[in-house]
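The values are calculated or read from the model by the stated rules, or taken from the named source; none is laboratory data. Bear in mind that the values here come from a model prediction, so they are computed numbers and not experimental data. Neighbour counts are summed over all protein chains in view; Cβ atoms, including those assigned to glycine, are modelled from backbone coordinates with ideal geometry. We work out accessible area using only protein heavy atoms, side chains counted, and drop any ligands, DNA or RNA first. Shrake-Rupley method; radii C 1.70, N 1.55, O 1.52, S 1.80 Å.
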Amino acid sequence: MSTETAINIDREKGNFSYDTQYEYDAGIGLNEGVVNYIADVKSEPDWVRKFRLKALKVFWSKPMPTHWATKDLENIHFDKFRYYLSKGQQPSRSWDDVPADVKETFERLGIPEQERAFLAGVEAQFDSEAAYSNMKEELSKEGVIFVGSTEGLKEHPEIFRKYFGKVIPIGDNKFSALNSAVFSGGSFIYVPPGVKVKQPLQAYFRINAENFAQFERTLIIADEGAEVTYMEGCTAPKFETTTLHSAVVELVALKGAKIQYITVQNWSANVFNLVTKRGLAGEDSEIKWIDCNIGSRLTMKYPGVILKGRRARGEVISIALAGDGQHQDTGAKMIHAADETTSNIIAKSISVGQGRSTYRGQVYIPKHLKGCRNNTECDALLINSNSRTDTYPAITVRGNNNSVQHEASVSKVSAEQIFYLMQRGLSEGEAMSLTVNGFINDLVKQFPMEYSVELKRLIDLEMEGSVG
Amino acid sequence: MNALEIKNLHVTIDGQQILKDLSLTLPKGEVHAIMGPNGSGKSTLAKALVGHEDYIVDSGTATMDGKDIFDMEVNERSREGLFLAFQYPAEIPGVTIANFIRAALNARQPKGEDVDAVAYYKDLYSEMERLDIDRKFTSRSVNEGFSGGEKKRCEILQMSMLKPDYCILDETDSGLDIDALKIVADGVNHMRGKDRGILIITHYQRLLNYIVPDRVHIMWDGRIVKSGDKSLAFEVEERGYDWVKQEQTASV
Ligand SMILES: Nc1ncnc2c1ncn2[C@@H]1O[C@H](COP(=O)(O)OP(=O)(O)OP(=O)(O)O)[C@@H](O)[C@H]1O
Ligand SMILES: [Mg+2]
């Protein structure tokens, strides 16, 4: 089996950066000037500028959510980040036209290779803007749109404006407000009625510059009966100073549509990763989030689905690995808003060393609904006694005609298991890696092959690194 | 010398001395059996040899073909050819037998190289057939929900796939029904050969009818107190350990 076609985003492979010359730089710190600068550079329509400025006010007005979340959030210094950096060029359709240093970055990460191997389209973002964006020609002929957010809001306002900021309003939380004020990059995807995109579309988000904060914004709309799979990968070099990645992702599945959104994220340990992701599911539609969080200093992410249409289905499959000094605060939200809607949450977390993982779930089924079902399963695996795990399931189900099922477990990798595996010749790291892979095995089976291979490789690296 | 050689071994667990000046030589090409009452230290010997961290070696040596094994990590000992079929093997949820054995074989390859998948499955299936293990087991999690006998058979499967130089079988016969006992014995006999030494820990002479040992050792209170040929096993069966004990005390 070859791992060559997998996305190569392992820790060491991602740990490099280029001394890049940026044409546009909004400077350090955050104020109205920065927001206007971004709107100017992008020559955005006036409604977007207004949206941004309004969002900035909301951001300032909201407190940090430290009353329920970790105090580590207080270590984010918004005045120390750089909010916009770009070379000022349009995304190229051909890798040959991508600036040499940027191209080399993505080549080292293996992106062009994967595109040839198994993808229908790729967008590669370098700091604030996409450097490359391309999709197979057949798909554009069928009317599929896959562009960056700026191009989306300018070229396709009739679809873009209808849904932008509707699934996740500005004031949803402090970080969605921040993203709304300074967003740049991310994807806009529209799949017309009945079109089924067979191969995945992929976006790759790369932070290159120190102190740079990345705020991509993604909006995916699958029209009636359409189907699409989107995958995102992310890396950043290891810098001494902290970095912020704060994306907003909105999905809209119209009647009978299917959206699958896959994340395999491998941030370096200096990244605060605070992401808001939510989908709106229409009648008979299906939204599935597959979310793998490895790395980062702190990740807070709870992908959600609002089940708005009858018989809509929502699913979150979440794998979080908290290595030494990391905190994965992840989970899922399922808001049932129509009869016979079903949701399924399976969350597995692994804590290693001083690593800490938290599961937060929210399932809401109001009283007036009938025939709704939720299944929630959260399992935690602890590797060595310092590890910590917390579970906050928060399931609210009213009415007699709805059902929920909730299971949670915490298990430990025992010294006897590791010893047994080592007696068969595995190193300690290999032994831990094998047990971790066993723990998430049933979930990984659902991934596209390339991603399961990649995930396994990331876990191998993480486990090898965790053994002294 | 081509042997597993243990000399004057002293081992403590939790501050309590369990092995007291134990010496034993298992030459390549031979099958030896160790018998002894409960608590005499048989499993302790096995665990100390493979390097379990709870078993502290206070003094004594153990070499494998002249190489000091106490100098090696647990996994190094394995890769150098030392195998223990556990009395109570651990369960590894979610890890299939097939992936587990493959990972163990890959650990023996040069870095970055893996065993050929097609050849591997061919081998695995033929060994499973010999041990009468259903193919469905390849996709079951290691030891999870296995019956006692299935666990033991799975240990022998691992042994026959890894082809170690020295094998220690800790009560592999306990919990086996008579048919399974014959199958496991066949599996072990199949592995007998001039390039391999096998040490069988057992309570029952019955197993030794199927796997005829070259030597039998009696262990008592942390040391080997009597060694002989296969007839010693019959004698113990007939006269019990008390007889060995009395002989011991008499000789002191
Ligand atoms: N972890 C431990 N802590 C303290 N004492 C232990 C520990 N493990 C074993 N022992 C003691 O060491 C002695 C030898 O145990 P061992 O398991 O080696 O015996 P055995 O000969 O294999 O017995 P059996 O025939 O019952 O399997 C026993 O008295 C046992 O209680
Ligand atoms: Mg024992």
* To do: For region B:99-117, indicate whether the set of residues that are open to solvent by 10 Å² or more (accessible area, probe 1.4 Å), of a type in the set (Phe, Trp, Tyr) and away from ligand 1 (no atom under 16 Å from the Cβ) is non-empty.
  => no
* Selection from region B:142-156 of residues that are within 13 Å of chain A (Cβ to nearest Cβ) and open to solvent by 10 Å² or more (accessible area, probe 1.4 Å) -> B:144, B:151
* Structure fact -> Heads up, the strands (runs of 3 or more DSSP E) in region A:196-297 (entirely inside) with at least 1 residues that are modelled with pLDDT under 95 and at positive phi are A:286-295
* **Condition check for residue B:127: surrounded by 15 or more Cβ atoms within 10 Å (Cβ to Cβ) and among the acidic types (Asp, Glu)** => yes
* **Matching residues, region A:65-120, being in a helix (DSSP H, G or I) and among the hydroxyl-bearing types (Ser, Thr, Tyr)** => A:105
* **Flag for residue B:230 being within 14 Å of chain A (Cβ to nearest Cβ) and away from ligand 1 (no atom under 16 Å from the Cβ)** => no
* Asked: Considering B:51, B:41, B:94, B:81, which residue is within 16 Å of ligand 1 (Cβ to nearest atom) and within 12 Å of chain A (Cβ to nearest Cβ)?
  -> B:51
* Taking interchain pairs and intrachain pairs at least six residues apart, which have beta carbon atoms under 7 angstrom, with the first residue in region B:109-126 and more than 11 Å from every other protein chain (Cβ to nearest Cβ) and part of a helix (DSSP H, G or I) and the second among the charged types (D, E, K, R) and open to solvent by less than 70 Å² (accessible area, probe 1.4 Å)? -> B:120/B:102
* **residue B:136 being within 16 Å of ligand 2 (Cβ to nearest atom), open to solvent by 40 Å² or more (accessible area, probe 1.4 Å) and in a helix (DSSP H, G or I)** => no
* Would you mind telling me which numbered condition in (1) out of contact with any Gly (no Cβ under 8 Å at 6 or more places or on another chain); (2) more than 13 Å from chain B (Cβ to nearest Cβ); (3) within 30 Å of residue B:158 (Cα to Cα) residue A:383 fails? => (1)
* Where in region A:355-468 are the helices (runs of 4 or more DSSP H), entirely inside, with at least 3 residues that are under 22 Å from residue A:325 (Cα atoms) and not assigned by TED's automatic domain parsing to the domain that holds residue A:294? -> A:428-444, A:449-466
* Among the residues of region B:43-73 satisfying the criterion of being within 16 Å of ligand 2 (Cβ to nearest atom) and in a loop (DSSP other than H, G, I, E, B), which is nearest to residue B:201 (Cα to Cα)? -> B:52
* Members of region A:410-433 found to be open to solvent by 50 Å² or more (accessible area, probe 1.4 Å), of a type outside the set (Val, Ile, Thr) and either under 12 Å from residue B:75 (Cβ atoms) or more than 7 Å from chain B (Cβ to nearest Cβ) (or both), listed by number -> A:412, A:415, A:428, A:430
* **Given (1) within 23 Å of residue A:211 (Cα to Cα); (2) part of a strand (DSSP E or B), index of the condition residue A:325 fails** => (2)
* Asked: What are the residues in region B:182-204 that are more than 14 Å from ligand 1 (Cβ to nearest atom) and out of contact with any strand residue (DSSP E or B) (no Cβ under 8 Å at 6 or more places or on another chain), if any?
  -> B:182, B:183, B:184, B:185, B:186, B:187, B:189, B:190, B:193, B:194, B:195
* **Members of region B:44-98 found to be of a type in the set (Ser, Thr, Tyr) and within 30 Å of residue B:134 (Cβ to Cβ), listed by number** => B:78, B:88, B:96
* Test residue A:181 against the criterion of being part of a helix (DSSP H, G or I), more than 17 Å from the chain's Cα centre (by Cα) and buried (at least 24 other Cβ atoms within 10 Å of the Cβ), and give yes or no. => yes
* Asked: So, in region B:166-181, of the ones that are within 16 Å of ligand 1 (Cβ to nearest atom) and of a type in the set (Val, Ile, Thr), which residue ends up farthest from the other protein chains (Cβ to nearest Cβ)?
  -> B:172
* Asked: Before we move on, is residue A:250 free of Cβ contacts under 8 Å to residues at least 40 places away in the same chain, surrounded by fewer than 24 Cβ atoms within 10 Å (Cβ to Cβ) and of a type in the set (Asp, Glu)?
  -> no
* To do: Could you tell me which numbered condition residue A:413 fails, if it satisfies all but one of (1) touching a helix residue (DSSP H, G or I) at 6+ places or on another chain (Cβ under 6 Å); (2) at pLDDT 95 or above; (3) of a type in the set (A, V, I, L, M)?
  => (2)
* To do: Kindly provide the set of residues from region A:310-337 that are more than 16 Å from residue A:378 (Cβ to Cβ) and open to solvent by 10 Å² or more (accessible area, probe 1.4 Å), ordered by number.
  => A:310, A:311, A:313, A:324, A:325, A:326, A:327, A:335, A:337
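Yes/no per residue for (1) under 27 Å from residue A:439 (Cβ atoms); (2) away from ligand 2 (no atom under 16 Å from the Cβ):
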site	(1), (2)
B:87	yes, no
B:116	no, yes
B:143	yes, yes
B:166	no, yes
* Quickly run through region B:11-38 and pick out the residues that are more than 16 Å from ligand 1 (Cβ to nearest atom), open to solvent by 50 Å² or more (accessible area, probe 1.4 Å), out of contact with any Pro (no Cβ under 9 Å at 6 or more places or on another chain) and in a loop (DSSP other than H, G, I, E, B). => B:28
* Would you please name the residue that is nearest to the other protein chains (Cβ to nearest Cβ), looking only at residues in region B:54-64 that are among the β-branched types (Val, Ile, Thr) and more than 16 Å from ligand 1 (Cβ to nearest atom)? => B:63
* Asked: away from chain A (no Cβ under 14 Å), under 21 Å from residue B:19 (Cβ atoms), of a type outside the set (Asp, Glu) and more than 16 Å from ligand 2 (Cβ to nearest atom) - does that describe any residue in region B:201-222?
  -> yes
* If you check residue A:151 against the conditions, is it under 23 Å from residue A:127 (Cα atoms), assigned by TED's automatic domain parsing to the domain that holds residue A:41 and modelled with pLDDT under 95? -> yes
* **Residues located in region A:434-460, provided they are more than 14 Å from chain B (Cβ to nearest Cβ) and closer than 29 Å to residue B:77 by Cα** => A:458
* Structure fact -> The lone condition residue B:67 fails out of (1) within 13 Å of chain A (Cβ to nearest Cβ); (2) open to solvent by 50 Å² or more (accessible area, probe 1.4 Å) is (1)
